[in-house]
Amino acid sequence: MTPLAVTRFAPSPTGSVHLGNARTAFFSYLWARKSGGRFILRIEDTDVERSELRFRDELLAELHWLGLDWDEGPDIGGPSAPYAQSERHGLYAELYARLEAQGVVYPCYCTPEELDLSRKLQRMAGRPPRYAGTCRSLSLAERHAHEARGRRPSLRFAVPCAGEVEFIDFVHGAQRFHMSDIGDFIVRREDGTASFFFCNAVDDAVMGVTHVLRGDDHLTNTPRQLMVLDALKLPRPGYGHVGLLVGADGAPLSKRHGSTSVQEFRQRGFLGAALLNHLFRLGHTGDVDGWLAPAEFPAHFRPEHLGKAPARFEESQLVHWQKETLGRMSVAEIGAWLDIEAGAPFAELVRHNVVLPRDAAPWIAVIKGELPPLGEDERRIIAAAGPGFFTAAAAALDEAGTDSKRLTKLLAERTGRKGADLYMPLRLALTGQTHGPELAPLLKLIGAETARRRFEFHAQNS
Ligand code: GLU
Ligand code: ZN
């Protein structure tokens, strides 16, 4: 029995959901669902300049579209409300006051230019850049002097000069960081907003999160966050850092690999279940290889099989899961997904010939519109059949209507052609292509009138 897990997804609403974040959201969701715990959605919007309400709305919609739901969040509330950090100032203020009373934080008056210069000097001296401790032991008089000059301080956490921070990462195993390697870090920015190190850790603790699952890029943030929690005597959640997503070439997944956000895949017509099936297997080995329905994922999720190696997102894999998903959808669902008026018979016709809705466009042209001009190979097949073949086809059509079985039988009798010699020119004249959905339903959708026009065209032009 998996112990009850309270997990969360804590996105910053600064853009559409990146696949990497969608994956950690999905794993966190699965962990909560598998264990019968809770899944929390928290919006980390303390960066007022980059956070936008429309991104937050989009984010919720994208997660719902993927098939995820949550037990607490900005849209549904919950015992730890509010769930947007921009609305949690009151709580943070109390905790800052406690840190100040304990003397583990201090105001820093350094300007961005001063900090920049200090980092440059450290780099030149071959040392890793970190806060030099400039304001750590300012006298009261010096602080007043800064304030008198109108400088607004940030608040820094005073990291002890010696000692270690240890924790067990449930993906990476035992971790140990020397405090002497960690510079004093900002817990409150000069504009009064909470820094990531502070509010991310504090909120996890006070919201009762037991398992924080996030990308590898946050591993080195964890010791700082633990120092804040320890100082405040807040409970430490467990942390696990999964390997990042990379593209097919092994480089971190980015724009140059094509689509990288959930929104882009949705807009192209990929299905939520297809995306989940691919994400489920990225940096995680479940106990089944085949397609899973969204409701089946939690039972097959194995948190102990989360990996630290980078995981490859490959669109070819996604296409595989897309086909598997389409194969399990009803005609009505396919019709809705195609989002065209052509109706159920059309959906049935093309369902095995499309991966994305745009793949249906040529078949819509086949049944409703004009065929594109034929290529050279196709013209050769038409020419080999000769005008007489198409005259006979038009005549057979008048007798058989759109009953393709009768039509081909009559045509075979009258032209002496059979097999590919019969079907290829017929299919080409009707659809402009040598492959595609079954001819019988296709002919019905094309209708006798259009079919006749297409035969006559070749009777006169080949
Ligand atoms: N807001 C942070 C991010 O989007 C959350 C990181 C975390 O999951 O702790 O990177
Ligand atoms: Zn300073």
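Where a number appears in this text, it was derived from the coordinates with a stated rule and is not lab data. Predicted model, so just to flag it, every value in this text is computed and none were measured. Virtual Cβ from ideal backbone geometry, glycine too; neighbours counted across all protein chains shown.
Data overview
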read-out	value
Residue-span extension gain [A174 to D116] - 0.36 nm each, minus C-alpha spacing	17.5 nm
Antiparallel content of DSSP bridges confined to the chain, in %, to 5	55
All Cα pairs of the stretch 255-345, percent lying beyond 19 Å	47
The chain: angle of helix 222-231 to the longest principal axis, Cα-based, in degrees nearest 10	40
Cysteines without a disulfide-compatible partner [the chain; Cβ-Cβ under 4.7 Å]	C110, C161, C199
The chain, dipole about Cα centre (Lys/Arg Cβ +1, Asp/Glu Cβ -1), debye to the nearest 20	620
Area projected by the alpha carbon convex hull of the stretch 301-426, averaged over all directions, nm²	12.4
Whole-number percent relative contact order across the chain, with pairs defined as alpha carbons under 8 Å at least 6 apart	12
Point-to-point label distance, A448-W291, nm (Cα→Cβ direction, 7 Å offset)	3.9
As computed over the stretch 91-246, the Cα convex hull volume per residue (Å³)	142
Cα gyration tensor, the stretch 113-176 - rounded (a/c under 1.5), prolate or oblate	prolate
With Cα atoms, 0 to 90° folded angle of helix 89-102 axis to the chain main axis	30
Amide proton proximity set for R188, modelled H, under 5 Å, gap of 5+	L155, S195
Charged-residue dipole, Cβ positions (Lys, Arg, Asp, Glu), the stretch 113-185 about Cα centre, Debye nearest 20	320
Fraction of alpha-carbon pairs over 19 Å apart in the stretch 208-315 - percent	56
Alpha-carbon centroid distance for the pair the stretch 49-82 / the stretch 420-437, whole angstrom	51
Relative frequency of Cα-Cα separations exceeding 14 Å in the stretch 382-462, percent	55
Helix-derived mean residue ellipticity, 222 nm - over the chain, DSSP H n ≥ 4, -39500 (n - 2.57), to 500	-13500 deg cm²/dmol
Built amide H within the under 5 Å cut-off of Y239, gap 5+	F170, V212
Relative compactness, the stretch 33-114, computed as alpha-carbon Rg over 2.2 N^0.38 Å	1.46
Paramagnetic reach from D398 (point 7 Å along Cα→Cβ, amide N under 13 Å) across the stretch 431-456	452-453, 456
Where only alpha carbons of the chain are counted, the Rg and the Dmax (Å)	31.7, 109
Residues A251 and Y423, FRET efficiency given R0 of 45 Å [Cβ-Cβ distance, rounded to 0.05]	0.45
